[in-house]
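The block underneath contains the structure these notes are about, expressed in structure tokens.
The values are calculated or read from the model by the stated rules, or taken from the named source; none is laboratory data. This one's a predicted model, so the numbers in the text were calculated from it and none came from an experiment. Note: ideal-geometry Cβ built from the backbone for every residue, glycine included; neighbour counts use all protein chains shown. Just so you know, the surface numbers come from the protein's heavy atoms only, side chains and all, with ligands and any DNA or RNA stripped out. Shrake-Rupley method; radii C 1.70, N 1.55, O 1.52, S 1.80 Å.
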Amino acid sequence: MRFDIVTIFPAMFDGPLSSSIIGRAREKGLLEINVHDLRKWTYDKHHVTDDYPYGGGAGMVMKVEPFASAVEELKTQNPGAKVALMTPGGKLFNQRMAQDFSSLPGLIILCGRYEGVDERVSGLFCDMEVSIGDYVLTGGEIPAMVMLDCVARLVPGVVGEEASIVHESHSDSLLEHPHYTRPAEFRDARVPEVLLNGDHKKIEAWRREEAIKKTASVRPDLLAKAVLTEKERVMAGDFMEKARRRDGDERA
Ligand code: SAM
């Protein structure tokens, strides 16, 4: 899969995109990631990418022309790619979107700065606006890295053991069960007995119950979309009730 990122701070991507799983996948040719300096598509002496906002107000707005030229050129090199503008006003990114994007031939990701980007960039040149959360960062670079990392690890072959990406948090609207490794006993905390006895049916059942318990206690909003049996729904309801009581006690 090919990613093209457009930013005025290309150096921010150096470390994260050359280390660990993403770095190795690039070396193997599973991912092609190109980071472009938006200033390459400016044609004035000072390579200006922003200007004062129409209507007044604080801060600067990123200009439409450099992004327009960038997208037009990159689309010829990355055919079939979708274009995403990172913005806190966009659709909230989630694991489902990451799965959908991972089957695309490519993504072109535009990073904003300052007060944001001229609205015509999104209107004329983007397929989607994406937010990584209900908070505001200084620029689109970290959001672009977050999105790229999530999508890239779902590209076949990028994560060594495919099974490890099948049952993880958010893939089925449940948070993942807890994990343990050696030693079996650390201070007073012992690994749950069921994980030590080698009975895989019991281990699966325990993991499923723990996933429901964790989701019900921490992110009950996710349960509405989870596929649960009748028995599991009742169990989830009990866990939610316990979490509500615990939170109530803590606040009191
Ligand atoms: N004035 C904008 C607003 O209130 O929506 C915020 C602009 S923000 C300071 C500058 C840039 O950071 C944005 O154009 C966007 O590219 C990026 N950014 C900030 N928070 C983000 C988020 N939660 N998700 C995606 N991009 C974000």
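What the table below lists for this structure:
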{"quantity": "Meets criteria (in contact with a Ser or Thr (Cβ under 8 Å, 6 or more places away or on another chain) and among the polar types (S, T, N, Q)) for Thr7", "calculated": "no"}
{"quantity": "Residues that are away from the ligand (no atom under 16 Å from the Cβ), surrounded by 16 or more Cβ atoms within 10 Å (Cβ to Cβ) and part of a loop (DSSP other than H, G, I, E, B), drawn from the range 139-158", "calculated": "Arg153, Leu154, Val155, Val158"}
{"quantity": "Top-ranked residue in the range 105-128 [being assigned to a strand (DSSP E or B) and either open to solvent by 20 Å² or more (accessible area, probe 1.4 Å) or over 13 Å from Ala84 (Cα atoms) (or both); ranked as farthest from the ligand (Cβ to nearest atom)]", "calculated": "Met128"}
{"quantity": "Qualifying residue in the range 131-138 (condition: more than 16 Å from the ligand (Cβ to nearest atom) and more than 19 Å from Val83 (Cβ to Cβ))", "calculated": "no"}
{"quantity": "Total residues in the range 232-252, condition in contact with a Lys or Arg (Cβ under 7 Å, 6 or more places away or on another chain) and outside any helix (DSSP H, G or I)", "calculated": "0"}
{"quantity": "Qualifying residues in the range 163-189 (those that are hydroxyl-bearing (Ser, Thr, Tyr) and exposed (fewer than 14 other Cβ atoms within 10 Å of the Cβ)) - the one farthest from Ala211 (Cα to Cα)", "calculated": "Thr181"}
{"quantity": "Pairs, first assigned to a strand (DSSP E or B) in the range 186-203, second modelled with pLDDT of 95 or more, C-beta under 7 Å, six or more apart", "calculated": "Arg190/Ala184"}
{"quantity": "Whichever residue in the range 160-185 is assigned to a loop (DSSP other than H, G, I, E, B) and among the aliphatic types (A, V, I, L, M) and, among such residues, is nearest to Ile21 (Cα to Cα)", "calculated": "Val166"}
{"quantity": "Candidate set: the range 72-104, residues that are more than 16 Å from the ligand (Cβ to nearest atom) and among the hydrophobic types (A, V, I, L, M, F, W, C); chosen: the one most open to solvent (accessible area, probe 1.4 Å)", "calculated": "Leu104"}
{"quantity": "Neighbours by Cβ (under 7 Å, 6+ apart or cross-chain): first from the range 51-62, over 13 Å from Arg120 (Cα atoms) and open to solvent by 50 Å² or more (accessible area, probe 1.4 Å); second not in a loop (DSSP other than H, G, I, E, B) and not aromatic (Phe, Trp, Tyr)", "calculated": "Asp51/Val61"}
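This table checks each residue for (1) among the hydrophobic types (A, V, I, L, M, F, W, C); (2) open to solvent by 90 Å² or more (accessible area, probe 1.4 Å); (3) under 33 Å from the mean Cα position of the chain (by Cα); (4) in the same structural domain as Glu241 (by TED's automatic domain parsing).
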position	(1), (2), (3), (4)
Val191	yes, no, yes, yes
Leu196	yes, no, no, yes
Glu204	no, yes, yes, yes
Glu210	no, no, yes, yes
Ser217	no, no, yes, yes
Pro220	no, no, yes, yes
